[in-house]
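We did not get these values from a lab; they are worked out from the coordinates using the rules stated. On a predicted model such as this, the values are computed, not experimentally measured, just so you know. Neighbour counts are summed over all protein chains in view; Cβ atoms, including those assigned to glycine, are modelled from backbone coordinates with ideal geometry.
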């Protein structure tokens with residue numbers, strides 16, 4: 001499977017570039033602060049399905065001043081976005097149809113957890129609602145000092161439904177996650193970093209350079225070892241110690257076998 005064409009990506013408000021082992025996905029609707037639509041989510045899912053085996057890092061960034069202002073608000077109107085089901089139409093659909101539709105939207109986010117690569121969100125400016133959740137879908141987040149995060153959905157009468165609730169609770173704990181969501185308040189970069197929502201906090205003008213340095217560091221160790229380690233860490237919170245220890249043994253045996261084969 002190949003990546004969507006540049007024309008298909010442009011129609012969805014995206015761009016991609018590949019530099020060796022790094023794939024960069026850019027949300028490219030700067031005139032609307034990279035507001036997201038279903039076509040963008042489908043294109044993100046298509047990118048995820050086509051990631052090549054030698055890609056080791058996926059960087060997600062936004063063009064212009066913001067990472068993403070979240071949902072394109074026109075989707076909430078009766079007219080919706082041209083060619084897409086509006087939210088009122090979705091609300092009137094049978095439960096099974098609604099579930100399938102939102103599940104397809106979520107695929108634009110879940111692929112970023114693939115153990116094949118490490119995903120990095122380069123967050124500047126606004127990361128609101130779907131934008132916040134897209135950043136949370138990534139393994140790591142580098143925050144520019146002008147970043148402002150907000151889980152806006154509850155203020156709109158909605159809930160976060162683009163796979164953001166689990167990583168938010170994992171990052172900051174249940175009580176703080178509830179406070180952030182229920183108040184729909186802005187979380188500035190310095191607080192977000194202190195809470196663990198970002199792994200690094202940098203000056204806005206150094207964001208791209210620092211992400212490039214991080215990509216280099218993430219690709220220094222052998223690919224299979226990093227991939228296997230990511231997979232182990234993903235199971236650590238849900239397995240008990242005995243099961244996680246067994247998973248470590250299985251993963252390590254695979255590494256030993258591969259290293260032995262490579263040495264012959």
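Key figures
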| quantity | calculated |
| --- | --- |
| Full-extension gain in nm, residue 184 to residue 199, via 0.36 nm per residue minus C-alpha separation | 3.2 nm |
| Alpha-carbon centroids, the range 1-78 and the range 201-264: separation in whole Å | 25 Å |
| Two-site label geometry, residue 1 and residue 32: point separation in nm, points 7 Å out along Cα→Cβ | 2.6 nm |
| Extension gain (nm, one decimal) between residue 225 and residue 110, 0.36 nm per residue minus Cα-Cα | 39.2 nm |
| Segment residue 191-residue 145, extension gain: residue separation times 0.36 nm, minus the distance between their alpha carbons | 15.5 nm |
| All-pairs alpha carbon distance profile, the chain, 5 Å steps from 0, percent | 1, 6, 12, 16, 18, 17, 13, 8, 5, 2, 1, 0, 0, 0 |
| Relative contact order of the chain, defined on C-alpha pairs under 8 angstrom at six or more residues apart (%) | 15 percent |
| Residue 65-residue 92 pseudo-label distance in nm [points 7 Å out on the Cα-to-Cβ vector] | 3.8 nm |
| For the chain, share of DSSP beta bridges that run antiparallel, in % to the nearest 5 | 25 percent |
| Most to least packed among 122-128, 215-221, 43-49, 20-26 [average Cβ atoms within 10 Å] | 122-128, 43-49, 20-26, 215-221 |
| Residues in the range 132-176 reached by a label modelled at residue 99 [backbone nitrogen below 17 Å; 7 Å Cα→Cβ] | 161-163 |
| Sorted by Cβ density within 10 Å, fewest first, the residues 230, 152 | 230, 152 |
| Å³ per residue enclosed by the Cα convex hull of the range 130-264 | 120 Å³ |
| Value of Rg/Rh across the range 217-258 [Cα atoms, Kirkwood radius] | 1.01 |
